[in-house]
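Heads up, the thing below is written out as structure tokens.
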Amino acid sequence: GFFRRSITKKAVYRCKSGGHCEMDMYMRRKCQECRLKKCRAVGMLAECLLTEVQCKSKRLRKNFKQKSSFLCNIKLEDEGLNSKQVSSTTRSGKQISEKMELTPGEHQLLDHIVAAHQKYTIPLEEAKKFLQETASPEESFLHLSETAVVHVQVLVDFTKRLPGFESLASEDQIALLKGSTVEAMFLRSAQIYNQRMSECQPSTKTLTNKKTGKELGSRVQKGFYTFVGITEEFITALFYFYRTMGELKVTETEYALLVATTVFFSDRPLLRDKRHVEELQEPLLGILYKHSKLQHPRDPQRFARLLGRLTELRSLRHAHAGALRARDPRLAAPLRDLWDLH
């Protein structure tokens, strides 16, 4: 409520009594500075607030449960059954799962997004250049520059195919593209990284896979990122993200939905029509939620885990931008432009 609004809007309050108001039901309405101070005093932390996408997923799950319960009750009434005669397990399990299905419109949207993701992707050979173990930091930097240009063009082509994107004002289209470029690149590179890992060691155990991934990241990327001035801490976090995506066995369908969802975050800098963007993202989250339940019925936390990766992705983007701004005066101007690091 009040604490979330104050943090998200970065509100600045002023107390007329020197900041020493005693909070009660009356004063909490009169002095917002002291009210916010009280919130912090009892342990409320800005870091613990749910992200925008987590709030949406929470509402989504709540709405779906309410809808499922409503449909279940209608079915029981139509069949003339007494709710006491039907166990709660049966009602919430079998009958609700029967209602968990994609609508024809959702099927069409999903197929459209996956097809666009498959069509507009970085060629595997282009991406592999950046993972060459023999490449020097200078060569890796050149490969990254080339791959970044290809990636941005691919993202533009993919994004233009997302339903509703071209209905936005051109300024908002640019804001969304600039804001999502790095996150989308990390998602696509995670997909390519895990494809290569599975090709290299198709029969190895997860533990060996983790070790190999860490070694690959250390050998291939450490020299390059040191060259451009990024800390080893960031490298470790990036490859941890890659490995967690691999351990989740994220499918191409899920990657396509995650990239599309990432494009439509409504808190991008300079974005004007935030409400319209939220409306474009909402059905994508709904499809991802249903797809997770349908394809992984024994993993009820799948959807939450995928959203957790998006939250992690945003942290990576901030770390990536901050590190490059602060520590790499040699970073090529065109690359800074592509990643919107000015």
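All of the numbers you see were taken from the coordinates with simple rules; none came from a lab. Treat the numbers as computed from the prediction; the structure is a model and nothing was measured. For neighbour counting, all protein chains shown are included, and Cβ atoms are generated from backbone atoms with ideal geometry for every residue, glycine included.
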If you plug each phi of segment 267-272 into the Karplus form 6.51 cos²θ - 1.76 cosθ + 1.60 with θ = phi - 60°, what whole-Hz ³J(HN,Hα) values come out, in order, with x for Gly and Pro?
-> 9, 5, x, 6, 6, 9
Taking amide H positions as placed in the peptide plane 1.01 Å from N, state which residues far from R268 in sequence (5 or more) or on other chains have amide H under 5 Å from it.
-> none
Which order results if T103, T181, T244 are arranged by neighbouring Cβ count within 10 Å, fewest first?
-> T103, T244, T181
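Report, in listed order, any pair from K16/K37; K9/K293; K160/K293; K10/K178; K9/K38 with a Cα-Cα distance greater than 26 Å.
K9/K293; K160/K293
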How would you rank M100, M245, going from fewest to most other Cβ atoms within 10 Å of each one's own Cβ?
-> M100, M245
Just for the Cα atoms in segment 2-48, what are the lengths along the principal axes, largest first, rounded to whole Å?
-> 28, 19, 17
